[in-house]
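Inspection log for the structure reproduced underneath, given as structure tokens.
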Amino acid sequence: MIEIKNISKTFLTAENEVQALKGITLTVNDGEIYGIIGMSGAGKSTLVRCINMLEKPSSGTIVINGKDMTALNEKELRAARSKISMIFQSFNLLMQRNCLKNVCFPLELQGMKKADAVKRAKELLELVGLPDKAKSYPSQLSGGQQQRVAIARALATDPDVLLCDEATSALDPKTTSDILDLITDINRRLGITVIVITHQMSVVERICSRVAILDNGIVAEEGKVTDIFTRPHSDTAKRLVFPDDPGIVTEDEKERLVRAVFDGRTSADSPLIAQMAISQNIIANIRSASTKTISGKLYGSMILALPDDDEIVRRAVEYLNSQNVITEVL
Amino acid sequence: MPENNAWAEALEILKNDMPLALWETFYVTVVSTFFAFVIGMPLGILLVAGEKNGVLPLPAWLMKTLNVIINLLRSVPFIILMIMVFPVTRLIVGTTVGTVASIVPLVIAAFPFVARLVESSIRETDRGVIEAAQSMGASPFKIIVKVMVPECVPSLVSNATIAITTILGYTAMSGIIGGGGLGKIAINYGYYRYKYLVMLFAVVIHVLLVQLFQGIGTRLAIKCDKRIKH
Ligand SMILES: Nc1ncnc2c1ncn2[C@@H]1O[C@H](COP(=O)(O)OP(=O)(O)OP(=O)(O)O)[C@@H](O)[C@H]1O
Ligand SMILES: [Mg+2]
């Protein structure tokens, strides 16, 4: 378990003070994939770097599996770090070493015998799907392949925790999806706790069970991904969950906008809007929709345009609610 | 024919003196470069690692002192430094003249220069890679030996080439205090005995040597850089 307790971090620069984190408290359970999302500059990287003490928090404590990271001396910290691996947006592989030797690197640091290290590194390259790239240098690999090598390297020391700081931000959508699958697979198979830092909602949606939304150094909202995706409360969360809301006011005076949120209780193939037209005689226009189907269930949201009539809006909302759709009149 | 005579004489002198001079220049250069790196390399690394944000922060006063000493040594012209360090040379070699004695001032002149070259190479290490190593629990020493130096090898080779060609130039000057080599031939025949042709030859050979070292160095630096797709 990772307990982040009231962490603050203030950077002193030549001109001013930057309060990057202002009292963050979070708990990450063993074996879960936890997302930390926020806009650029929200403090995500600073927070994750505080977890392995690459950045010393100005105040607060980080307790990992009962061990207070802020109280360790240099040597103890180095030992603790070998169980908390990290992967990065820019992969950060050793460019002058081939892939096999990159994966061997953390084992070398631990003083493992060369033959054993090579054997383990080969297994790991196999695990990440790159058994034939052992002798290649990072510069000869694509971004996605480099990140796979970085993941193999991160797993070499049998860590309890894997920290991912924007690990897929430099990759195209297909590669991103492959890497996310790999991370999920590792989490399931090895039971490693994963913390995923990202600014992409799609990443959180796809692999995280819980998420914290960071805004300007504070936790704006925290909880189960499904809850936050269907009922965001804070403005920051709303902006992230519904990025293309047309805004509260509609341009057309003669219509009213209603947000319909699907949280997986609706079957993907029930023609809800058509049904509403037939059974309720209410014609709704779909203004925007960002929904997706996960195992046959519908997730996401739609903006519906209804006639400017209180009675019709009321009935539409009633109907939608009866169909397990969460609504918000905008 | 006086012209032909001058040519014949010059060739005769070269045939007698050149093999030894070449050898002396070569080994003085290599030995001096070696010792200049033995001293300059750790200093150059410290100049980067010891900074406030480095992997092994050292006290500010120590860094300051180090920088001042290096700058001071760098700003003394070699020809003066050679004479200034006579006592040190006598202490180490027992004499202040001769080829071996010339190695001492060469090393003293070259190591601060090498320290700066190494500093600029090591500074190129990607911060992200250092951070990755730190996140794995690498000690500052391990980061230096296993990350910073190996990642900078191509740049270090390029800079070693600059060092060796510069030191080659210095060896010529050490001909003045009796150091052997191409410089001695150029000075003894060209300056003291007006045999310009001999001097010219010595200079040409010196230029060729520089070209040779530079050529090998550049090729090596490219060859060992794994970031370049061969
Ligand atoms: N070493 C530092 N010195 C001074 N200020 C810093 C330092 N590191 C981060 N900051 C500041 O702290 C704030 C949070 O930065 P951080 O890198 O954690 O943001 P982030 O959420 O990771 O953003 P991004 O999505 O762009 O990576 C920013 O205002 C940044 O300028
Ligand atoms: Mg960041």
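The values are calculated or read from the model by the stated rules, or taken from the named source; none is laboratory data. Keep in mind that what you see is a predicted model, and the values were worked out from it rather than measured. As a convention, Cβ positions derive from the backbone with ideal geometry for all residues, glycine included, and neighbour counts pool all protein chains shown.
Looking at the stretch B:203-211, is at least one residue within 14 Å of another protein chain (Cβ to nearest Cβ), out of contact with any Lys or Arg (no Cβ under 9 Å at 6 or more places or on another chain) and assigned to a helix (DSSP H, G or I)?
There is no residue in the stretch B:203-211 that is within 14 Å of another protein chain (Cβ to nearest Cβ), out of contact with any Lys or Arg (no Cβ under 9 Å at 6 or more places or on another chain) and assigned to a helix (DSSP H, G or I).
Taking residue A:171 as the residue in question, decide whether it is farther than 21 Å from residue B:142 by Cα, within 16 Å of ligand 1 (Cβ to nearest atom), more than 14 Å from chain B (Cβ to nearest Cβ) and within 27 Å of the chain's Cα centre (by Cα).
yes
Please determine whether any residue of the stretch B:158-173 is surrounded by fewer than 21 Cβ atoms within 10 Å (Cβ to Cβ) and aromatic (Phe, Trp, Tyr).
The answer is no, given that none of the residues of the stretch B:158-173 is surrounded by fewer than 21 Cβ atoms within 10 Å (Cβ to Cβ) and aromatic (Phe, Trp, Tyr).
Out of curiosity, is residue A:197 surrounded by 19 or more Cβ atoms within 10 Å (Cβ to Cβ), at pLDDT 95 or above, farther than 30 Å from residue B:228 by Cβ and touching a Lys or Arg at 6+ places or on another chain (Cβ under 9 Å)?
Considered against the rule, which asks whether it is surrounded by 19 or more Cβ atoms within 10 Å (Cβ to Cβ), at pLDDT 95 or above, farther than 30 Å from residue B:228 by Cβ and touching a Lys or Arg at 6+ places or on another chain (Cβ under 9 Å), residue A:197 comes out as yes.
Please state which one of A:85, A:90 is within 16 Å of ligand 2 (Cβ to nearest atom) and of a type outside the set (Val, Ile, Thr).
Only one candidate qualifies: A:90.
Output the residues belonging to the stretch A:9-57 that are β-branched (Val, Ile, Thr), within 11 Å of ligand 2 (Cβ to nearest atom) and within 14 Å of another protein chain (Cβ to nearest Cβ).
Of the residues in the stretch A:9-57, the ones β-branched (Val, Ile, Thr) are A:10, A:13, A:18, A:24-25, A:27-28, A:33, A:36-37, A:46, A:48, A:51.
Adding the requirement that they be within 11 Å of ligand 2 (Cβ to nearest atom) leaves A:36, A:46, A:48.
Listed by number, the residues that qualify are A:46, A:48.
Out of the residues in the stretch B:120-137 that are in contact (Cβ under 8 Å) with a residue 12 or more places away in the chain and among the aliphatic types (A, V, I, L, M), state the one that is farthest from the other protein chains (Cβ to nearest Cβ).
Ranking the candidates gives B:122 first.
Going through the stretch A:58-99 one residue at a time, which ones are aliphatic (A, V, I, L, M), within 13 Å of chain B (Cβ to nearest Cβ) and in contact with a helix residue (DSSP H, G or I) (Cβ under 8 Å, 6 or more places away or on another chain)? Spell out the reasoning first.
Narrowing the stretch A:58-99 to residues aliphatic (A, V, I, L, M): A:62-64, A:69, A:71-72, A:77, A:79-80, A:84, A:86-87, A:93-95.
Next, only the ones that are within 13 Å of chain B (Cβ to nearest Cβ) stay: A:69, A:72, A:77, A:79-80, A:84, A:86-87, A:93-95.
Matches in the stretch A:58-99: A:69, A:72, A:77, A:80, A:84, A:86, A:87, A:93, A:94, A:95.
Return the total of residues in the stretch A:161-194 being surrounded by fewer than 17 Cβ atoms within 10 Å (Cβ to Cβ), in a loop (DSSP other than H, G, I, E, B) and more than 16 Å from ligand 2 (Cβ to nearest atom).
2
Please state which of the following conditions residue A:136 fails to meet, knowing it meets all the rest: (1) away from ligand 2 (no atom under 16 Å from the Cβ); (2) surrounded by 19 or more Cβ atoms within 10 Å (Cβ to Cβ); (3) in a loop (DSSP other than H, G, I, E, B).
(2)
If you go through the stretch A:184-213, how many residues are away from every other protein chain (no Cβ under 14 Å) and either within 16 Å of ligand 1 (Cβ to nearest atom) or under 10 Å from the mean Cα position of the chain (by Cα) (or both)?
18
Among the residues of the stretch A:65-79, are any away from ligand 2 (no atom under 16 Å from the Cβ), touching a residue at least 24 places away in the same chain (Cβ under 8 Å) and not in a loop (DSSP other than H, G, I, E, B)?
yes
From (1) in a helix (DSSP H, G or I); (2) farther than 20 Å from residue B:117 by Cβ, pick out the condition that doesn't hold for residue B:137.
With respect to (1) in a helix (DSSP H, G or I); (2) farther than 20 Å from residue B:117 by Cβ, residue B:137 is out only on (1).
Do we find that residue B:100 is farther than 30 Å from residue A:163 by Cα and either modelled with pLDDT of 95 or more or within 14 Å of another protein chain (Cβ to nearest Cβ) (or both) in this structure?
It is false that residue B:100 is farther than 30 Å from residue A:163 by Cα and either modelled with pLDDT of 95 or more or within 14 Å of another protein chain (Cβ to nearest Cβ) (or both).
Restricting attention to the stretch A:264-299, and to residues there that are modelled with pLDDT under 80 and of a type in the set (D, E, K, R), which single residue is surrounded by the fewest Cβ atoms within 10 Å (Cβ to Cβ)?
In this case the residue turns out to be A:269.
Let me confirm something: among B:74, B:123, which residue is at pLDDT below 95 and among the basic types (Lys, Arg)? Working first, answer last.
Values: B:123 fails: at pLDDT below 95.
It is B:74.
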